[in-house]
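J.: The following block contains the structure, expressed as C-alpha cells.
The values are calculated or read from the model by the stated rules, or taken from the named source; none is laboratory data. Worth saying up front: this structure is predicted, and the values here are computed from it rather than measured. A quick note on method: Cβ atoms are made from the backbone with ideal geometry, for glycine too, and the neighbour counts reach across all protein chains shown.
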Amino acid sequence: MQTPVRHVAHITECLAGGTLAVLRQLTGELAMSHVRQTLLFCRRPDTPLDVDLLFPPSVRLVELRPARGVHFEFVSDMVRALRLLMSADPPDIVHLHSSKAGFVGRLALRALDSSRGTRTRMLYSPHGLAFLNPCRPWASAAYWALEACAGMVDCQPVACGASEARALDSVSRRPAMVLENPVDPVFFTIERREPQRPLVLTAGRVCEQKAPEIFAELSVRVRLEVEDAQFVWVGAGDPQREAMLRAVGVEVTGWLPQEQVLERLAGATAYVQTSRWEGLPISVLQAMAVGLPCLVLDAVGNRDAIEHNATGLIAWNTDELEMYLTMLLASAPLRERLGASGRAEARERFSRARFRAGLMDLYGVRALGAASRLRTTASPATIG
C-alpha cells in the first residue's frame, strides 16, 4: 500500500490548447477521488478568459505572470510561489506540465528540498518537447541541453505517447512512463454528417510547430484537383501566418468554444494534422472520437495516435499528404472505414475510464496490485 495522496500541485506556464484539455480531465478525476489540488499557471493569448470556471471548485488556482522575453518575472513568481506552497501547505506530489515549468520547477524544488531537508515527489509531463523542432537546430540543441540539465534531478518523466517517451528517455537517462491523453466523452456522442462540398479541417494554434505553411500548400495543391474543396483552420495565432493561410483561401476561424468545435468536426469530410512534432495531439484524438477520418504528417506524437491505413493515414511528406487527401476526398468507403476504425480505437485507448485507471496508478491514489499497468522493461512504460 502506498502512502495516501491528499494534496497534488500542478504547475504550468502553458494553460491553453492540449495542456489545458489534459489538465481539466486530470484535475477532474483527482477531485472525484477527494484529492486536494493547487494549480500554478500562466495565461497565454489563447487561454480562455473564464479559465477558473473550467476546473472543479475544489482546485485552487494561483496565477503567475506570463512567461515572456527572458522570463525573469515568470521565474521569480514561480520560485516565490513554490517557496510559499512548500512552507504553508506542502503537496504530496508536484506535477510539472510543459517544458519551461518543467525546467524551472525541477531545479527550484530541489533547491528548496536541500534547504529544508525534504524530498518532494515530482512528475514531469512536457506535452510536446521543444527540442524536437527540426526547423531550429541551434535552439533545439539549447533546449536539449536544458532538458539534460534538469534531467539530472530525481523526477519521474511522464510522456503522453511512446515517441515522446523515447525522446525523454534519451535526454533524462531514466525510463519515462506513458499516460496517453484522454478525450472528453462528449466527442463520442457526436454524429457526423457528410457536407455537400468537401471540407478539410485542422485545429490548433497557428504557429511554427503546427506548420501552417504545409497546410496552406496542401490546400492549393488539392484544389487543383478538387476545385470545390474547402480548407478550414480552427484556431488562431501568429498574425503573419494567419494572413498567409487566408491569402491562399484557407478559412481561419479564431478560437471557438467547444460546442462550435464539435459542430465543425461533425460537418467535415477529413481531418489533417501537419504539425512537425507533438506530445499526443488532442485535436487528432477528438477528430477520431467523432469518427472523422484523419491524415497526419509522420512526426513524434502524430504517429502515436494513428496506425497507418487502419485507424487513419500517415504521410511522410507533402506529396504523400496530397496523394492521401485526394484519395480520402474521392472515396466515401475509405472515409467510412477509417472514420469507424479510428472512432473505435479512440473509444478503447483514449476513454476517460482508461485515463482514470492509469492516472490513479501513476499517482498512487489507490494500491498498485501485482498486475500493475506500469511496465519497466526496456520499452517505454505504459500506464492505462
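J.: If a residue must be touching a residue at least 40 places away in the same chain (Cβ under 8 Å) and in a loop (DSSP other than H, G, I, E, B), how many such residues does the stretch 160-174 contain?
T.: Qualifying residue count, the stretch 160-174: 2.
J.: Restricting to the stretch 254-282, name every residue that is touching a residue at least 12 places away in the same chain (Cβ under 8 Å) and over 28 Å from ARG136 (Cα atoms). Step through it out loud before you land on a result.
T.: Step one: of the stretch 254-282, the residues touching a residue at least 12 places away in the same chain (Cβ under 8 Å) are 254-256, 258, 261-262, 264-282.
Of everything in the stretch 254-282, those that are touching a residue at least 12 places away in the same chain (Cβ under 8 Å) and over 28 Å from ARG136 (Cα atoms) turn out to be LEU256, GLN258, VAL261, LEU262, ARG264, LEU265, ALA266, GLY267, ALA268, THR269, ALA270.
J.: Now for a different question. Considering only residues that are of a type in the set (Asp, Glu) and in contact with a strand residue (DSSP E or B) (Cβ under 8 Å, 6 or more places away or on another chain), which ones fall in the stretch 324-361? Break it down into steps so the answer makes sense when it comes.
T.: At the first step, the residues of the stretch 324-361 found to be of a type in the set (Asp, Glu) are 336, 345, 348, 361.
Within the stretch 324-361, ASP361 is the sole residue that qualifies.
J.: Let me confirm something: among LEU40, LEU61, which residue is more than 26 Å from ALA353 (Cα to Cα), modelled with pLDDT of 90 or more and out of contact with any Pro (no Cβ under 9 Å at 6 or more places or on another chain)?
T.: Numbers: LEU61 fails: more than 26 Å from ALA353 (Cα to Cα).
One residue alone meets the criteria, LEU40.
J.: What do you reckon, is ARG121 of a type in the set (D, E, K, R) and within 22 Å of ARG24 (Cα to Cα)? Even if it seems obvious, please write down each step before you answer.
T.: Working: of a type in the set (D, E, K, R): yes; within 22 Å of ARG24 (Cα to Cα): yes.
So ARG121 fits the description; yes.
J.: In the stretch 296-384, which helices (runs of 4 or more DSSP H) lie fully inside it and hold 1 or more residues that are among the small types (Gly, Ala, Ser) and either at pLDDT below 95 or in contact with a helix residue (DSSP H, G or I) (Cβ under 8 Å, 6 or more places away or on another chain) (or both)? Break it down stepwise before answering.
T.: Values: elements: 302-305, 318-330, 332-349, 352-363.
Because the criterion is at least 1 residues that are among the small types (Gly, Ala, Ser) and either at pLDDT below 95 or in contact with a helix residue (DSSP H, G or I) (Cβ under 8 Å, 6 or more places away or on another chain) (or both), the helices (runs of 4 or more DSSP H) in the stretch 296-384 that meet it are 302-305, 332-349, 352-363.
J.: Looking only at the stretch 143-154, count how many residues are part of a helix (DSSP H, G or I) and surrounded by 13 or more Cβ atoms within 10 Å (Cβ to Cβ). Outline the logic, then answer.
T.: Let us first name the residues in the stretch 143-154 that are part of a helix (DSSP H, G or I), namely 143-150.
Next, only the ones that are surrounded by 13 or more Cβ atoms within 10 Å (Cβ to Cβ) stay: 143-144, 146-150.
Of the residues in the stretch 143-154, 7 are part of a helix (DSSP H, G or I) and surrounded by 13 or more Cβ atoms within 10 Å (Cβ to Cβ).
J.: Within the stretch 128-141, track down each residue that is buried (at least 24 other Cβ atoms within 10 Å of the Cβ) and closer than 14 Å to LYS210 by Cβ.
T.: The initial filter retains those residues of the stretch 128-141 that are buried (at least 24 other Cβ atoms within 10 Å of the Cβ), namely 128-129.
Of everything in the stretch 128-141, just one residue is buried (at least 24 other Cβ atoms within 10 Å of the Cβ) and closer than 14 Å to LYS210 by Cβ, namely GLY128.
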